[in-house]
Amino acid sequence: MSETELPTPVERSMMQQAQSQSLADYARAYGRRLRSGDLGAIPIILGLVVITVIFQNLNENFLTPRNMVNLIVQMAGITVIAIGVVFVLLLGEIDLSIGYVSAVAAVLVALLLRGPTGISGVGRLMERLGITEPFNWWMAVGMALLLVALIGMVQGLIITRFQLPSFVVTLAGLLVWNGVVLILIGAGGTVIIQDQVIVNIANYFLPKELVVNDATLPVNTSWLVGLTIVVIFAAGRVSRWASRRKRGVSTTPVVIIVLEIFLVTLVTTVIIYICNLDRGVPLVGIIMLILLTFFSFLATRTRFGRYVYAIGGNMEAARRAGINVTRMRVTVFMLSSLMAGMGGIVLASRLRSVDTAAGGGDLLLISIAAPVIGGTSLFGGRGRVISALLGALVIAGVNNGMGLLGLSAGVKFVVTGLVLLAAVLVDAISRRGRAQSGLA
Amino acid sequence: MTENGVPILQLSGVSKSFGAVQALTKVDFEACAGEVMALVGDNGAGKSTLIKGIAGIYRFDEGEVLFDGQPVHIHSPRDAAQLGIEIVYQDLALADNLDVVANMFLGREVLQRPFRLDEAAMEESALKTLDSLSVTTVRSVRQAVAELSGGQRQAIAVAKAVMWNSRLVILDEPTAALGVAQTRQVLDLVRRLADKGLAVVIISHNLHDIFEVADRITVLRLGQRVNLYKTAETNQQEVVHAITAGKLEHVPGMASL
C-alpha cells in the first residue's frame, strides 16, 4: 500500500501498479466510472428509498413487519423468472414466452401431482402409460422443469438455425404456450395443489423454535441461516482477497472488503429481525437467495458467464475467439425457460392452485421490466444477476404500496410503466455519458 | 537483418479462385523470424485472400505452404492457432464490455477448479505479456476495453495475439484509425514483436508507416506478386509504381486451365 507514495506512477510498470491499489486508487477508479455514466446500483437504491418514503407517508402500514414479509413472498416468483431474463438480455436477445412457459411448468406440476385421473389430458396420458399413482413432488417438479427446458431448447434452436429474431420466435411461443396451458387445464378451470412440499415453497416460514425429539429448544433457525449467509459471504471475499494478494495481482482495499462484509451483516440482520417480528423468514426468500448466488457465480466466475457477456458485447469477437455462439445462445434460451418454470412453480405454490389465468396478465412484462429497472441493459453485454432482485423489489414495492392505498389496477400499471420508463432513460443517459467521454 | 531471418512461413505458387474470379495467381510469400514483412497492394489486389488462406478461413486451390520448412495444411483457424499463427484483424475483435484480461483470454480462459475461472492467474500473465511488450499506457488491466483509446485497444489486440507462444503475427491495417502519437506507439510495438524473434506481417495502405517499420515489402497487384523489395533498397515512388502498374507475369483475372 505504501507504494502509492512513489512520485512517478507513469513510469512504473503494470506489474508494480497492480500490486498497489490503495483506497485512493479505488475511489478514483470509482469516481471515473461514475463520471463516465456507469452509475451501477445507485439509481435503483435511490429509487427504492424514494418509493419507501412516499408509501410510508401515504400509508403507515407499508413498513410494518407483516407487509415486509408479504413483499418478500410477492417478489419471489418474479425474481426467479427475471434471473433467466437477465441472461437473455445479456445476449442482447429477448424471450417473450417466459410468462406462459412458467404457467406450463406450474400446470404440469399440479396435474402430475393430481395423478392419473380422467379429468385432464395429462391424467388420461398417465393412465394410458400404466401409471397408477400420482407423482411425488420431486418427480413432478423434475418432469415439469425438464419439459420447459426442452421448450427453451426448441425455441433457441429455431432462433439460431433459421437466424430469426428471438422477438418473433418467442412471440409465437407466447401464443402457443398460452394455448397449451388452456388445453392442459381443460374444462375444470382450476387445479388445486395439495402436496405439502409444493405448498410450503411459498408458504413456509423458518421456525422460531427448534423441535428435536418432542423437546422444544429456544433456537431460532433463521439466525442460524443468517449466520451461514454472512460466513459464506465473508469467507468468499477474504479467500479471494488472500489468493490475489499471494499472486501479487491487484486487490480490493481491505477497508472496502470490511465495509462490504459489514453491510451484508447489517442487511441480513435487519431483514431477519423484521421477519421474526411477524411470521418469520419465508423459505422462499432463502430459495431466492440461493438461486441468486448460484447464478451470480455462473455469470461472473465461470467460462459460461464470460461467454454470455462476450457474445452480448461483440458476437463476432466471440465467434473468432472460438466460442460456440450457437450452442451458447440455445443454452441461454433453455436457461430462460427453466427459470421461468421454477418461477411459475413458486407462483403456483403461493396461490396453492393453477388456473387459466396463470402466466397471463402483466407477468411477462414485469418479469422483463425487473432486470431492466435493476440496471441490466436491453442492448446486451451489460447487467448483473442481482438486477433481477432489485427490479423485482421495486415493482413488488410499487404494487404492494398501491395495493395498501386501495388504488385500482389501472393506476398500478401507469406507475409501473413510468418506473420502467425512468429506468430505461437512466440507461440511455448513462450510455450517452459513456459515448461523450469516448468510452462507448 | 533479412539475411539472418529463418523463414517461418513460406508460400510458393498459391492460387485461389472464387468461381470465375481468380483472386490469387501463383503467389510466393514468406515471413521470417525477427523480420517485419509488409504486404501492400491496391484494393482487390488479394491481400485479404492471402491472409485468410494463411489463417485457414479459405483453402488455397494450389501451391505449397511450408511452416518451419515442413509442408502443412491449414484447414481451419484452429489449425492456424495450433501452428502459432495469430491474426489481429482490422476491427480488432475485442468485446467492449469486458475488461482487458477477459479479452486477452477470451476463448482460452484459465480454469481453477472444474468450472471456476482463475482470474488471478489470467491477470498475472496478462500483466507479464503487457510488460514484456512495454505497454505502459493502459491504466489497469481491469478496465473495460470500452474505456480505452484506439491505440490502447490495438496494443491489447496485439498483446492478445502474442500471448500464446505465437510464432507469426499478422496485423491487418493496425494504424488505420489512429492518430499520430498512437500510430507511433503501435509501430514501436510492431518493431518490438520482431525484435522478440516473432515473424510479423503487416498489411497497410500507409506507405509512410511501412517504410518506418518493415524490413521487406511484398507488393501484390491483381492477385499476383509483382515485386519483393528490401525496404532499405527502395523508396516510396518505386513501391507506389509497383502497386499501380507493376508488371504482371500471368494474364490477370482468368482462372488458369
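Straight-line reach from A:K412: which aspartates and glutamates fall under 16 Å, measuring Cα to Cα and dropping same-chain residues less than 8 apart?
Output for A:K412: A:D362.
In nm, to one decimal, how far is the A:V270 label point from the B:S134 one, both placed 7 Å along Cα→Cβ?
5.4
Take peptide A:311-320, look around each residue's Cβ out to 10 angstrom, count Cβ atoms belonging to other protein chains, and average those counts.
Per residue, the average neighbour count from other chains is 6.
May I ask for the percentage of alpha-carbon pairs in the stretch A:210-281 that lie more than 19 Å from each other?
More than 19 Å apart: 50 percent of the Cα pairs in the stretch A:210-281.
Go ahead and set up a Gaussian network model of chain B, Cα springs under 10 Å, then flag whichever of B:S149, B:S15, B:S204 fluctuates most.
B:S149
With a cut-off of 8 Å between alpha carbons and a minimum separation of six or more residues, what is the relative contact order of chain B in percent?
Worked out over chain B, it gives 28 percent.
Subtracting the Cα-Cα distance from 0.36 nm times the residue separation, let me have the gained length for A:N57 to A:Y30 in nm, one decimal.
6.3 nm
Just grab the label-to-label distance for B:F115 and A:M143, each label 7 Å out from Cα along the Cβ direction, in nm (one decimal).
Placing both labels 7 Å beyond Cα along the Cβ direction yields 2.7 nm.
Just checking the output field for B:97-106: average partner chain Cβ neighbours within 10 Å of each residue's Cβ?
Counting Cβ atoms of other protein chains within 10 Å of each residue's Cβ and averaging gives 5.
In deg cm²/dmol and to the nearest 500, what is the mean residue ellipticity at 222 nm of chain B if only DSSP H runs of at least 4 residues count, each as -39500 (n - 2.57), divided by the residue total?
Per the formula, -9500 deg cm²/dmol.
Within 10 Å of each Cβ in B:136-144, how many Cβ atoms from other chains are there, averaged over the peptide?
5
Just rank A:S239, A:S430, fewest to most, by other beta-carbon atoms within 10 angstrom.
A:S239, A:S430
7 Å from Cα along Cα→Cβ at both B:D61 and B:D91: what's the point-to-point distance in nm?
Between B:D61 and B:D91, the simple spin-label model gives 2.8 nm.
Given N residues in chain B, what is Rg(Cα) / (2.2 N^0.38 Å)?
So the Cα radius of gyration is 1.03 times the expected 2.2 N^0.38 Å.
Taking 2.2 N^0.38 Å as the expected size of a compact globular protein, what ratio does the Cα radius of gyration of chain A give against it, to two decimals?
Against the empirical 2.2 N^0.38 Å value, I get 1.07 for chain A.
To the nearest 20 debye, what charge dipole does the protein assembly as shown have about its Cα centre, counting +1 at the Cβ of each Lys and Arg and -1 at the Cβ of each Asp and Glu?
940
Report, in deg cm²/dmol and to the nearest 500, the calculated mean residue ellipticity at 222 nm for chain A, where each DSSP H run with n ≥ 4 adds -39500 (n - 2.57) and the sum is divided by the residue count.
Value at 222 nm, helices only: -24000 deg cm²/dmol.
Read the figures in this text as sums done on the coordinates, not as results from a lab. Because the structure is a prediction, the values reported are computed rather than measured. Positions of Cβ are generated from backbone atoms using ideal geometry, with glycine treated the same way; all protein chains shown enter the neighbour counts.
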